[in-house]
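Working notes, structure below.
Nothing in this text is a laboratory measurement; each read-out follows from the coordinates by a stated rule. Here the structure is a predicted model, which is why all the values come from computation and not from measurement. When we count neighbours, we look across all protein chains shown, and the Cβ atoms used for this are built from the backbone with ideal geometry, even at glycine.
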Amino acid sequence: MIKHIKSLTANLETDIENYVSKLDDEKKHKLLEQSYRSLKSLDWNKEFEQLKHTAYRFTINKINETYVKKVNTDLTHSFSEKYRPQNLDECILPSRVRNILEKWILNQNCHFIFKGSAGSGKTSTALAISKQVSPDNYSIINASEFNSVDDIKNQVIARMRTMSLLSDDKRIIILDESDELTEKSQTVLRRPLEEFSRTTSVIFTYNNDKIIEPLKSRCLMIDFDFKSKKEIEEMKLEIEKRIKSIVNKEQLKISNGDILNLIEQNYPDIRAMLKELEFIVT
């Protein structure tokens, strides 16, 4: 059985590309909907449940990323962008973390490290609180593109230094995917984090823990892969409320049971939940 599945999937990507490239946008849209519903409704044995989930996720994501610019023609952005939080109140967070960030918004008295798996809300939360604190004076730098010592000096430290000279307003710098920074690049940030802390707050976000200890010691760390049962349940309830709100706004046809399954299958990847939700059309 497994060998048969592997042989079928070996050329799956090419087959999808050849087939879908010949379709117009409306037909691609219908294909996505049919694929989602058909794969989701399969009654497989329990031991193949994960394989089933992987199969339909791969198929849907592959077609979407390669060919479909928008699933619902009424949308100009994906759900993850359209419903990205604009302030702390709109962020999906457990109360413990929300309380920490509420206090930070009042005085911006520290740097942050937001760590956690992909789609868990690190960057969205960083952007939301940055916009709330300093809507005209925040920036986000993708460390996977700018990660050399020169990049850090020119893109980060130079901004810190300029801000300290020109204004008392707080500058927020988000270093997204900061686990891509080289060790030397991280090292040159140690002193500036202290020297310019009055005028600049830096938020590091990353999936993999490659940050050096001297940087960690200068930041308050928040792990978005919440471990306690209480916080996980709190998160799932908040996610359920948010998804139901989106379902109502977009007039989508999806049962409460399917919403709960969507959350269970993808948690803690909120972005993946919203991506799958885009394929539930009226």
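Over 5 Å intervals from 0, what percent of Cα-Cα pairs in the range 95-223 sits in each interval?
The distribution over the range 95-223 is 2, 11, 23, 26, 22, 12, 3, 0, given as percents.
Taking H placed 1.01 Å from N in the peptide plane, check which residues at least 5 places from Ser197 or on another chain put their amide H under 5 Å from its amide H.
none
Got a sec to turn the phi values of the range 236-249 into Karplus ³J(HN,Hα) couplings, 6.51 cos²θ - 1.76 cosθ + 1.60 with θ = phi - 60°, whole Hz, x for Gly and Pro?
Couplings: 4, 5, 5, 5, 4, 4, 5, 5, 5, 5, 5, 4, 5, 5 Hz.
From the convex hull of the Cα coordinates of the range 170-256, what is the mean projected area in square nanometres?
If I average the Cα hull's projected area over directions, I get 8.6 nm².
Any chance you could run the full-extension gain for Lys210 through Leu260? It's 0.36 nm times the residue separation minus the Cα-Cα distance, nm to one decimal.
Contour length minus Cα-Cα distance gives 14.6 nm.
For Met221, Met273, what ranking results if the residue with the fewest other Cβ atoms within 10 Å of its Cβ goes first?
Fewest to most other Cβ atoms nearby, the residues stand as Met221, Met273.
What is the fewest-to-most order of Arg218, Arg190, Arg271 by other Cβ atoms lying within 10 Å of their Cβ?
Exposure proxy ranking, most exposed first: Arg190, Arg218, Arg271.
So how do Cys219, Cys91, Cys110 line up by other beta-carbon neighbours within 10 Å, fewest first?
Cys110, Cys219, Cys91
Would you grab the residues whose amide H sits under 5 Å from the one on Leu252? Only those 5+ places off in sequence or on another chain, please, with H modelled 1.01 Å from N.
Amide H to amide H, under 5 Å and 5 or more residues apart or across chains, Leu252 pairs with nothing.
Tell me, in nm to one decimal, what length is gained between Asn154 and Glu231 on full extension, where the rule is 0.36 nm per residue of separation less the Cα-Cα distance?
Difference between extended and current length: 23.8 nm.
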